[in-house]
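Structure, as structure tokens:
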Amino acid sequence: MEHSKVVCASCRQRKIKCDRKLPDCGFCTQIGVRCCYVQSQKKRGLRAGYVSTLESRLEKLEQEVQTLKTQQQSVVPYGDVAEHLTPQSHHDGSFYISSPAASRSESCGTDSDFSNLSLATLKDLCSVWFERYHPWFPILHKLSVLDTIQSTESLADSPLLMVLKAIVAVTLPHWSLTNPLSEEQRKKLSEQFRKQLILHSISDLSLQSLQAVLIVTIIDFGAGRLSEFWNLVALCKRMGVQLGLRDLVANQGNNFNNLSTIPPRMLPVPKSLIEQEEKIRAYWMTEILDSMSSLGAGWNLSLSRPENEAWFPCNETVWAFPENATAFSSFGDSEVSSAFTIYLNLVIHQLYQIHLFLQQSYDATSAVDRARWQAQCINVDNALLKWRDSDLNAKNLDQATSTSDSTGVLSAVTFNTAVIALYQRLALPPKGLGEVHGPWYHAIQRCLSACDEMSSVIRAVADADLENMSPHMIFCIFVAARFYLVHAKILSVEIPRSLDLLIYGLKTCGQRWYFARRLEKVIYTAIAEKRIPVVRSSLPQEFYDLQYSSLDIDHALSLWAEDTAMSGV
């Protein structure tokens, strides 16, 4: 009988030659396995195929192990950054973040472009942020951020990595390097960082992720992408809830892991006064963005009810000091009010009453309902005036606007925008009812006075300061300019000359924000078509109907702007 020439795997691996004259090779017997010869006699056709398959799987496994070893060796930790920003480089793996933060690294995508920012460039961009954006968006502690950049060897391991990327995303398009990139390249990098940060925030719940998303909302609003902006604000509100920020602010942390009359939450207590203050500011900035960006809308907004007894941001003078240099047990102990606190109080508490009023429905054809609405409108307006004329608020607002303080200026124009939003639906009755009810001249006068005050504020602000203002000021200016134009067209009166100051404000803001350039084009078109009937206007007809807020018509105006741009008008 011929013996099979198939050799068993054990014998072959140990380079032992089977004795084909014996039923067992000897070695196989010692380890308790039947010899290849015996196995081949039992399953002559099957054994050869099985061994071949096993060999193939072993070879494949060895290749996979070798591939993993190669990939591990190719990962380069974050080291010294390059001297210049070079968009042509495409080095993968510039940042290495080990487990358990692997998911965070994957969600951020490649950081090669960010790693090519020199340390000097990163410092310059952060300085730009704290000089031009921080005055009206004060959610970060300046000294802590700058100290992190200076003292951290590997920024990839820093919890502020996402915050720094957000700062770069906002400031890079409006900042020129020594050897500057083109405007298109800077915008491309900014948008790339923005997308990375949004994806990262979805998978990583932290204060730093929330701060990063709050910062990049500036990009969307400044570009006039209001839907994207509101989506990010909604994300911020949900992240704030999960982080317990409202619990911290409303209950002053008393229900953090403590037994009390308030149900406790398993949340980490802030480790420092800096972290506590940044959480407080992150919460209030989210609420500010939500309330301010929806001013004038009659939709069901589901805004948070204001907290009467809550922790508010500390005074800005205190916030400028390092934590170990303060003698306060808490930043909130300072009794000195600040322009930011006044602005917060206006947007959160006073605008809330306007939101509630505008969300009520009334029968425009009913004289009784119209009289009821007018009475409620005057009550809300009187509350606004009482707030503004209080000794503390009046003093701080006057001082802030006279010194062109960005937050004080924003408070002044926001107040006047609130007056217009409150009255405009009642000032000029909708089409078909004008003959029945006629204009409400008290409302018209209050709106015109608010427009005039806003013009005066803009005239007092230097061009450089106006360019560095929050993009939310753009919307305020447009609301006033629109009322000037619609009032003049409907009542066939001359356009007030103060409109020129509002247009100048939009033009100056347009040096930085596309949203201002788009709305400036709308205003110029409305001026050019002053004598043209509404039905023949190239603008959407809703522009001339004050029953629609400026937010209601924004999408239609953005489509109009796109159409005119494509047609070359």
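The values are calculated or read from the model by the stated rules, or taken from the named source; none is laboratory data. From a predicted model like this one, the values you see are computed outputs, not experimental measurements. For neighbour counting, all protein chains shown are included, and Cβ atoms are generated from backbone atoms with ideal geometry for every residue, glycine included. We work out accessible area using only protein heavy atoms, side chains counted, and drop any ligands, DNA or RNA first. Shrake-Rupley method; radii C 1.70, N 1.55, O 1.52, S 1.80 Å.
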For segment 219-267, inverting the pair-averaged 1/r of distinct alpha-carbon atoms gives a Kirkwood value in Å of 12.4
Give me a comma-separated list of calculated 3J(HN,Hα) values for segment 208-217, in order, Karplus coefficients 6.51, -1.76, 1.60 applied at θ = phi - 60°, integers in Hz, x for any Gly or Pro. 5, 5, 4, 4, 5, 5, 4, 5, 6, 4
To the nearest 0.05, what FRET efficiency results for residue 359 and residue 120 with a Förster distance of 51 Å applied to their C-beta separation? 0.50
Could you report the accessible area of residue 299 in Å², rounded to 10, computed with a 1.4 Å probe on the protein chains as they sit in the structure? 100
Residue by residue through segment 188-201, what is 3J(HN,Hα) from phi via Karplus (6.51 cos²θ - 1.76 cosθ + 1.60, θ = phi - 60°)? Round to whole Hz and write x for glycine and proline. 5, 5, 4, 5, 5, 5, 4, 5, 4, 5, 5, 4, 5, 5
Residues with amide H under 5 Å of residue 252's amide H, sequence separation 5 or more or different chain, H placed in the peptide plane at 1.01 Å from N; which? 311
Please list, ordered by chain and number, the residues whose modelled amide H lies under 5 Å from the amide H of residue 265; skip anything fewer than 5 residues away on the same chain. 256, 257, 258
At R0 = 22 Å, how high is the FRET efficiency between residue 459 and residue 394 if r is their beta carbon distance? Nearest 0.05 is fine. 0.65
Once amide hydrogens are built 1.01 Å from N within the peptide plane, the residues lying 5 or more places from residue 298 or on another chain with amide H under 5 Å from its amide H are none
Take the residue pairs 142/395; 187/521; 165/188; 123/187 and return only those whose Cα atoms are more than 24 Å apart. 142/395
Starting with the highest mean, order 124-132, 273-281, 184-192 by the number of other Cβ atoms within 10 Å, averaged over the residues of each peptide. 273-281, 124-132, 184-192
Whole-number D in µm² s⁻¹ for segment 125-209, Kirkwood Cα-pair radius fed into Stokes-Einstein, 37 °C, 0.692 mPa s: 238
Within-15-Å neighbourhood charge of residue 249 [Cβ basis; K, R +1; D, E -1]: -2
Given labels modelled 7 Å from the Cα in the Cβ direction, how far is it in nm from residue 559 to residue 202? 2.7
Measuring from label point to label point, each 7 Å out along Cα→Cβ, what is the residue 131 to residue 299 span in nm? 3.8
Full-stretch length increase - residue 372, residue 234 - with 0.36 nm per residue and alpha-carbon distance subtracted: 46.3 nm
Based on Cα positions only, what radius of gyration and what Dmax would you give for segment 339-567, in angstroms? 17.5, 54
Can you give the extra length, in nm with one decimal, that the chain gains between residue 191 and residue 241 once fully stretched, where that is 0.36 nm per residue apart less the Cα-Cα distance? 15.3 nm
Scoring only Lys, Arg, Asp and Glu (+1, +1, -1, -1) among other residues with Cβ under 14 Å from the Cβ of residue 358 yields -1
Quick check: residue separation of residue 308 and residue 441 times 0.36 nm, minus the Cα distance between them. What number comes out in nm? 44.3 nm
Taking every C-alpha to C-alpha distance in segment 169-267 and binning by 10 Å from 0, the per-bin percentages run 14, 36, 25, 15, 7, 2, 0
Just the Cα atoms of segment 115-297, one point each, no solvent: what log10 I(q)/I(0) does Debye give at q = 0.10, 0.19, 0.20 Å⁻¹? -0.42, -1.37, -1.48
